[in-house]
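Report on the following structure.
The values are calculated or read from the model by the stated rules, or taken from the named source; none is laboratory data. As the structure is a computational prediction, the values presented were derived from the model and not from experiment. All Cβ positions, glycine included, derive from the backbone under ideal geometry; neighbour counts span all protein chains shown. Side chains included, ligands, DNA and RNA excluded: accessible areas come from the protein's heavy atoms. Shrake-Rupley method; radii C 1.70, N 1.55, O 1.52, S 1.80 Å.
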Amino acid sequence: MSEFKDDENRRVDASIGELRPSIYAVIESPADFAALRKQWARHAAVPVIAENRDEGIDHSWADLDVRTMLRGEQSEGRFAAYSVVLAPGVGLPAHYYEDTHTYLVVADGEVELGVGNVVDSVGKHSLGFVPPRTRQSFRNTSERPVELVIVHSPAGAERAFEAAHDHWTETGEQDESSYHAILSRFGVRFDDTPLENDGKTNYELPPVEFEFTGHGDLERLREKFLELPVLPRLVRTTPDEYDSSLTGATRRKQLLNGDTSGGNAMLNLVSGPPGLGAPPHHQPTEEEFFFITGGQLELTCATETNALTPGAFAFCPRNCTHGFNNKSDAEAQFVTLNSPAGHERTMAEVHRMRAKGATKEALHDLSVAGGFVFHSIEALG
């Protein structure tokens with residue numbers, strides 16, 4: 001089952017659980033931030049898996065309950081990830097990041113979410129994708145707690161949250177303006193003045209025309225994605241879009257893709273009955289996140305396999321083995337994030353070729369050209 005593993009895949013898998021102490025840095029200017037990110041980039045990313053948000057670092061402040069699940073030290077500086085729980089009435093007003101992309105998924109509950117000029121009350125599995133210099137806001141206007149999963153790229157905002165947390169634990173201060181001043185040192189701007197990108201939320205562009213045929217095509221596709229503008233999106237999801245019990249079949253919703261993210265990422269919502277699965281594989285040129293939102297999913301990340309339930313999180317960096325199975329007797333729900341995008345075009349072509357009766361060998365070659373290395377050719381049968 002491992003004839004297609006290689007040395008880099010084995011090295012990355014062996015690094016799971018590797019401790020990455022925080023790199024000391026005093027952030028007083030954008031130059032300080034840039035220097036820290038250069039240090040992060042010198043350390044290879046490591047796989048991370050957490051069974052619940054309690055395994056994250058407490059970076060809460062005032063009324064915000066924040067757990068940092070992934071740091072720049074662990075991701076080569078490319079990502080940070082958080083679980084944020086909002087009590088009724090809690091949120092953040094309009095703000096934007098100077099140089100950071102935000103991916104926000106509602107893991108549970110209903111929240112008032114603002115992306116650019118669009119503000120909507122959205123529920124579980126809805127998405128906000130917010131490029132740099134685009135306003136965002138969120139507030140729990142319901143009567144029960146809301147959980148958000150947030151990913152930032154590149155990493156760095158976790159240092160802002162850490163500074164806010166330190167101020168809160170030292171002073172107990174509740175004044176929002178004090179925390180806004182702290183966060184501003186890290187490129188977070190609390191300003192309700194409309195920005196140029198705000199009016200482009202959910203603007204539709206025609207998809208990139210591209211025929212995927214083999215080696216080198218994934219790189220060329222990603223180059224075409226990079227020519228696109230990066231536009232904000234607010235995607236509402238309703239229960240009938242992810243409840244597989246309604247049909248008994250696996251249901252997928254593409255929340256974001258290369259065409260709608262300027263090639264930055266692809267996000268999929270997957271809801272599947274018992275038997276849903278993907279065999280072990282790795283991707284040499286992209287990272288993948290897993291966020292479990294319903295049921296139970298057996299997930300392999302590097303050398304660990306765990307039965308995960310809602311609130312669990314996994315980060316599989318480039319060349320990290322991963323796969324999953326729903327071995328329970330009920331539906332499993334989860335969201336994946338792949339970065340950079342391109343994954344979606346590859347898999348569409350593999351499914352098309354399989355339907356045409358392509359051999360396992362041909363499917364393997366196509367998968368490798370498209371950025372996937374399955375660890376057994378039998379997985380493509």
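Structural remarks
- With all pairs of separate Cα atoms included, the chain yields a Kirkwood hydrodynamic radius of 21.3 Å.
- Per-residue 3J(HN,Hα) values for segment 81-97, derived from phi via the Karplus relation 6.51 cos²θ - 1.76 cosθ + 1.60 with θ = phi - 60°, read 9, 9, 10, 10, 9, 10, 6, x, x, 8, x, 10, x, 4, 7, 8, 9 Hz in sequence order (x marks Gly and Pro).
- For segment 322-332, the Karplus equation 6.51 cos²θ - 1.76 cosθ + 1.60, evaluated at θ = phi - 60°, returns couplings of 8, x, 8, 8, 9, 9, 7, 9, 9, 5, 10 Hz by residue, with Gly and Pro reported as x.
- For Leu231, the residues whose amide H sits under 5 Å from its own are Gly262, ignoring neighbours fewer than 5 places away on the same chain, with H placed 1.01 Å from N.
- Probe 1.4 Å, protein heavy atoms only - accessible area per residue of segment 268-327 in square angstrom: 27 Å²
- Amide H contacts for Phe324 (H built 1.01 Å from N in the peptide plane; partners 5 or more residues away or on another chain; cut-off under 5 Å): Ala278, Thr300.
- Distance violations [Cα-Cα > 31 Å] among Lys38/Lys327; Lys124/Lys356; Lys224/Lys356: Lys38/Lys327; Lys124/Lys356
- Here is how the number arises for the chain: DSSP H runs of 4 or more residues each give -39500 (n - 2.57), the sum is divided by the residue count, and the result at 222 nm is -6500 deg cm²/dmol.
- Listed residues Lys327, Lys253, Lys360 arranged by accessible area, highest first, probe 1.4 Å: Lys327, Lys360, Lys253
- Approximating the spin labels as points 7 Å out from Cα along Cα→Cβ, the Asn202-to-Asp63 distance works out to 2.7 nm.
- Couplings 3J(HN,Hα) of segment 289-297, computed from phi: 9, 10, 10, 7, 10, x, x, 9, 10 Hz, in residue order, whole Hz [Karplus 6.51 cos²θ - 1.76 cosθ + 1.60, θ = phi - 60°; x for Gly and Pro].
- His375 accessible area, assembled protein chains, probe 1.4 Å, Å²: 10 Å²
- Nearest-10 value in Å² for the accessible area of Thr309, using the 1.4 Å probe: 60 Å²
- Free-standing Cys, the chain [no other Cys Cβ under 4.7 Å]: Cys301
- Angstrom value of the Kirkwood radius, inverse mean 1/r, which spans all Cα pairs in segment 111-196: 14.6 Å
- Within the assembled protein chains, the solvent-accessible surface assigned to Met266 is about 0 Å², based on a 1.4 Å probe.
- Spatially proximal aspartates and glutamates relative to Lys253 (Cα-Cα < 19 Å; intrachain offsets below 8 disregarded): Asp108, Glu110, Glu204, Asp240, Glu241, Asp243, Glu288, Glu331, Glu344, Glu349
- Distance cut-off 26 Å, percentage of C-alpha pairs in segment 220-352 lying past it: 23 percent
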